[in-house]
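Accompanying notes for the structure given below.
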Amino acid sequence: MDIAEELLKGNRLALSRAITAIENEYDEATDIMKRLYPHTGHAYVLGITGPPGAGKSTLTDKIAREYRAQGKTVGIIAVDPTSPFTGGAILGDRIRMNGLTLDEGVFIRSMGTRGSLGGLSHKTADAVKALDAFGKDIIIVETVGVGQSEVDIVKAADTTMVVLIPGMGDDIQAIKAGILEIGDLYCINKSDLDGADKLVREINMMLDLDSLMTDWRPPITKVVASQNEGITELLGTVEKHRTYIEGNGELAKRRTKRTRDEILDILSSNIGSYIKKKIVDSGRLDGYVEQIRQHETDPYTVIGEVMDEMLK
Amino acid sequence: MEKKIRVLVAKPGLDGHDRGAKVVARALRDAGFEVIYTGLRQTPEQIAEAALQEDVNVVAMSILSGAHGHLFPKVVDLIHKNGMNDVLIIGGGVIPEGDIPALKEAGVSEVFTPGTPTGDVVKFINEHVKL
Amino acid sequence: MSNEKIQAELAKYEASVEKAIARFPEREHLPEKRLYTPIDIKDTDYADEISFPGVYPYTRGVQPTMYRGRFWTMRMYAGFSTAEESNKRYRMLIENGATGLSCAFDLPTQIGYDSTDPISEGEVGKVGVAIDSLADMETLFDQIDLGKVSTSMTINAPASVLLAMYIAVAEKQGVPADQLRGTIQNDILKEYAARGTYIFPPRPSMRLITNIFEYCSQNVPKWNTISISGYHIREAGSTAAQEIAFTIADGIAYCEAAIKAGLKIDDFAGRLSFFWNAHNNVLEEVAKFRASRRIWAKVMKERFHAQSDKSMKLRFHTQTAGSMLTAQQPNNNIVRVALQTAAAVMGGTQSLHTNSRDEALALPTQESVTIALRTQQIVAYESGLADVIDPLAGSYYVESMTNSIEAEAWDYIKKIDDLGGAVAAIEKGYIQKEIQDSAYKWQMDVESGARTIVGVNKFQMEEEPPKGLLKVDEAVGERQKAKVEAMKAKRDNEAVKAALADLKTACQDENENLMPHILAAVKTYATLGEICNVMREVFGEYEAHVSL
């Protein structure tokens, strides 16, 4: 199967295979992406993050349904953590979205973090591009808001939504510190629980203290995703943010920065692999290590020599 | 390259006995697989479509209600219709020995009955999966 | 011997046997302690914690006479394919001395779908009988006098509909509702937590349940309106203490819902019953049954301030553990079931279903069902286990384990209280996660050999595939579909439409009791699926919480 060609023709299996190629770093992935790239740039990307148990998948399900009701097509990438001990993962987000499985206007793909350092964000970015080229209007990227790589993924969205729930207690403080400042929007899910108003006040206080505040003050929307309450209002704030960043050139700026980051990211990862391959496969690394062990040289000198040789 | 075996664990039909499916899902995760668990009451159409979107290498189904003779072959058929002919399809649950040949004939590669160690399932997948 | 003296002797004993006791790897799951003495129960006060049978806290049993008054009800769960076939099986069981009926329904019935619904394909008549309308229910109980028999129905989400059908059949037989005896399972919380045959979300489900409590207290006073079930929680893999803790927490939630709906505790609590699992470890199970009675009595007295003794008595049905049956060497299951039966009897059950040897392979044959029933009869008449009341009371080990299971269960109940009660704990996935963790640990223990299952991970042998398994005729689904279509053509469809419209209006008013409306609808031969669809429209459907 010519994956890129079939994908552009609307073949869902080709789309699925393209994402596999990206995820598994197959050699043909680069070629596929080259051919898909001209067809990207039309989709709007919504990032959704928050602590475990915040109900992100249910919320994603309801948001996707609302977009479908508006006649838009939706792609969803749901990222779950890979176990660092076994390398395995349970990707369970689809359970909340079973009602969307047979809707041809929706494509859902689950991804494990696979312990990749930094690589995850460019893999998800490429998967987003595949969905974009396929013709999805809205692409939702859902990640657990713990860990830098997840935060990186979500930062790459056009609009980033942070989902919180009342009554998470003290353990939320640590998470807050990591993800709270990245929100363009805040969503308080399960807001029928006690403590919803208190949480709104706390976020407001934090936003008041934020000295980097632009003239966009992130709105806070209370929803009960399981009851489908507040979803229309929530999407209203997404639309508002979209209009705002489209109007003041911020969207273009964000996308430019994203492209820039991507090039640097891929470049450094490729150069890294290239050098690694050269010195590991040739056995030179073992030699260096031995020399360093014997105190004949030191790591810094070795690195200098390798860099000079490879990059001249 | 970072190939990973991806497995869809699904419960077709209406029975709610998911102890086995969940234990197997965990064991597969602990064996280093990526497991997509879809929960209860999945129709054959939903299972086949999820298998396509997730581009899985393996579909593992569990039924305890006796509807396997009807539902397993239907899932196999739909997965093949989607153009996914390399997917390893396996089943488990309360399935009489006498029904197994017909299920294999229909394209279910192996059927695991109660008492099977999860290690056997892992081993079977490792030996038969096509990546 | 004084406690000090016992302590000293015990230390001597431990030192002397230390080297003599071999350490088998497959015995690793055993408790640390190997010998129990009076010291282990020195703080257990006979009057407060054990007392006499029929006396608070009912540790020794809920009736003063127990099996010296009468044996437990030997109730065999049965039902498959069509109403005609099941009716035959019921009449066979009654002729053979069964003293109560227990109806198994197929999955479409349990989830509120008609046999004609596409989602029912392949499932009709498989795990129980298919009931689509009152017509099927009439056939199911044909020539069975509902005024004489007591009937237990394993039905949950649509329990109100099946109960209404039962009342309607009785009415046609000329038996008034206040003469009806039996039980509906009606326990939706364990469906969310462990069994999976739910339909509606928790809130409307709890309303349906309290509607039944209220309706029955006025109209069907001898009916057990709920069977709060730990059985399926245990089947899903929980431990003994988790089984009773999660179930009692569910019981607390039902009581709270009923009280919130304006009922008085003593008006409904006497009709609550429980359903326990009889698992492999005989003495642990006996301790579990005893602990459960004590906890419930305390919950009723201290938490709900019940006045009536009846409210404080935990009456229970037991089924032997289906998940412990092995597909390997299936005749060994007869022995397992006999031991489980012994546990249930020594634990003081009010009724018992014994599983058949072939149920890990298929639905049981008539021959297997007969052996299972005979097992109960042998235990009752020959074993001597039913000759005295609570025969294991006073055993250092059993009393001590009764205490420790009780303590462990209280810890869970407290944890669930802190999470906001059983409904909230289920919505948060807490109970499901605890059960799954235990199930996974059990499986890993079996696979590592730390736990032995005879014929599965030890003493295996080559076997011929078993013969003579019961096979449900695949044409049953088609036949049942044709029956439904024919029935629909005959009934007064205008009356059906009007009854369903009336039910819908009633569903929308939270203060309305739905039972009379459902009863009116079933009498028009509205189908189970039609009735449930009206409720689905108003109430929505439950979405499961899964965390692995």
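The values are calculated or read from the model by the stated rules, or taken from the named source; none is laboratory data. Keep in mind the model is a prediction, meaning the values are calculated, not measured. Heads up, the Cβs are rebuilt from the backbone with ideal geometry, glycines too, and the neighbour counts pull from every protein chain shown.
For B:Asp15, the conditions (1) over 26 Å from C:Glu434 (Cα atoms); (2) crowded, with 24+ Cβ neighbours inside 10 Å all hold with the exception of (1).
When the range B:23-32 is examined, which residues are found to be at the interface with another protein chain (Cβ under 7 Å from one of its Cβ atoms), farther than 19 Å from B:Leu131 by Cα and crowded, with 24+ Cβ neighbours inside 10 Å? Correct list: B:Ala25 only.
Evaluating B:Phe124 against the criteria (1) part of a loop (DSSP other than H, G, I, E, B); (2) modelled with pLDDT of 95 or more; (3) closer than 25 Å to C:Thr326 by Cβ leaves one unmet condition, (1). Here the condition is being closer than 27 Å to C:Gly196 by Cα, touching a residue at least 24 places away in the same chain (Cβ under 8 Å) and surrounded by 19 or more Cβ atoms within 10 Å (Cβ to Cβ); of C:Gln508, C:Gln480, it holds for C:Gln480 alone. Consider the range B:36-49 and keep the residues that are hydrophobic (A, V, I, L, M, F, W, C) and under 12 Å from the mean Cα position of the chain (by Cα). The one that is nearest to the other protein chains (Cβ to nearest Cβ) is B:Ile36. In the condition set (1) within 11 Å of another protein chain (Cβ to nearest Cβ); (2) within 12 Å of the chain's Cα centre (by Cα); (3) at positive phi, B:Gly107 is compliant with all but (1). Scanning the range C:196-225 for residues that are more than 26 Å from C:Glu543 (Cα to Cα) and either within 18 Å of the chain's Cα centre (by Cα) or in the same structural domain as C:Leu528 (by TED's automatic domain parsing) (or both) yields a count of 2. When the range A:1-24 is filtered for residues that are within 14 Å of chain B (Cβ to nearest Cβ), among the charged types (D, E, K, R) and either in contact (Cβ under 8 Å) with a residue 24 or more places away in the chain or outside any loop (DSSP other than H, G, I, E, B) (or both), the ones remaining, listed by number, are A:Glu6, A:Arg12, A:Arg17, A:Glu23. Once the range B:110-131 is narrowed to residues that are surrounded by 12 or more Cβ atoms within 10 Å (Cβ to Cβ) and more than 14 Å from chain C (Cβ to nearest Cβ), the residue that is nearest to B:Leu64 (Cα to Cα) is B:Glu110. Scanning the range C:287-304 for residues that are surrounded by fewer than 24 Cβ atoms within 10 Å (Cβ to Cβ) and among the polar types (S, T, N, Q) yields no hits at all. When C:Asp358 is tested against (1) modelled with pLDDT of 95 or more; (2) in contact with a helix residue (DSSP H, G or I) (Cβ under 6 Å, 6 or more places away or on another chain), only condition (1) is not met.
So that you can scan it fast, the table gives a plain yes or no per residue for (1) more than 11 Å from chain C (Cβ to nearest Cβ); (2) free of Cβ contacts under 8 Å to residues at least 12 places away in the same chain; (3) within 13 Å of the chain's Cα centre (by Cα):
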| residue | (1), (2), (3) |
| --- | --- |
| B:Ile5 | yes, no, no |
| B:Pro12 | no, no, yes |
| B:Ala21 | no, no, yes |
| B:Glu34 | yes, no, no |
| B:Ile63 | no, no, yes |
| B:His68 | no, no, yes |
| B:Leu78 | yes, no, no |
| B:Ile90 | yes, no, yes |
| B:Pro96 | no, yes, no |
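Scanning the range A:4-59 for residues that are in contact with a Phe, Trp or Tyr (Cβ under 9 Å, 6 or more places away or on another chain) and of a type in the set (Val, Ile, Thr), we see that the one that is surrounded by the fewest Cβ atoms within 10 Å (Cβ to Cβ) is A:Thr20. C:Ala245 passes every criterion in (1) buried (at least 24 other Cβ atoms within 10 Å of the Cβ); (2) in a loop (DSSP other than H, G, I, E, B); (3) among the aliphatic types (A, V, I, L, M) apart from (2). All of C:Val398, C:Val337, C:Val345 fail the test of being away from every other protein chain (no Cβ under 14 Å), surrounded by 24 or more Cβ atoms within 10 Å (Cβ to Cβ) and in contact with a Leu (Cβ under 6 Å, 6 or more places away or on another chain), apart from C:Val345.
Hey, any hits in the range C:278-285 for a residue that's part of a helix (DSSP H, G or I) and surrounded by 24 or more Cβ atoms within 10 Å (Cβ to Cβ)? Yes, because at least one residue in the range C:278-285 is part of a helix (DSSP H, G or I) and surrounded by 24 or more Cβ atoms within 10 Å (Cβ to Cβ). Scanning the range C:321-346 for residues that are over 18 Å from the mean Cα position of the chain (by Cα), closer than 13 Å to B:Pro114 by Cβ and in a loop (DSSP other than H, G, I, E, B) returns C:Thr326, C:Ala327, C:Gln328, C:Gln329, C:Pro330. Of the helices (runs of 4 or more DSSP H) that lie entirely inside the range A:200-312, those containing 3 or more residues that are closer than 21 Å to A:Ile153 by Cβ and not charged (D, E, K, R) span A:231-247, A:250-281. Considering only residues in the range C:61-77 that are in a loop (DSSP other than H, G, I, E, B) and more than 21 Å from the chain's Cα centre (by Cα), the one that is surrounded by the most Cβ atoms within 10 Å (Cβ to Cβ) turns out to be C:Pro64. Being of a type in the set (Asp, Glu), outside the structural domain of C:Thr82 (by TED's automatic domain parsing) and within 31 Å of the chain's Cα centre (by Cα) is the requirement here; does C:Glu462 meet it? The answer is no for C:Glu462.
When we screen C:Lys148, C:Lys88, C:Lys126 for residues that are farther than 28 Å from C:Asp178 by Cα and either away from every other protein chain (no Cβ under 14 Å) or touching a strand residue (DSSP E or B) at 6+ places or on another chain (Cβ under 9 Å) (or both), the only hit is C:Lys126. When every residue of the range C:209-221 is checked against the conditions, none turns out to be small (Gly, Ala, Ser), over 18 Å from C:Asp417 (Cα atoms) and buried (at least 24 other Cβ atoms within 10 Å of the Cβ).
Scanning the range C:305-320 for residues that are crowded, with 20+ Cβ neighbours inside 10 Å and of a type outside the set (S, T, N, Q) returns C:Ala306, C:Met312, C:Lys313, C:Leu314, C:Arg315, C:Phe316, C:His317.
Screening A:Asp93 with (1) crowded, with 19+ Cβ neighbours inside 10 Å; (2) within 14 Å of chain B (Cβ to nearest Cβ); (3) over 19 Å from the mean Cα position of the chain (by Cα); (4) not basic (Lys, Arg) gives one miss only, at (3).
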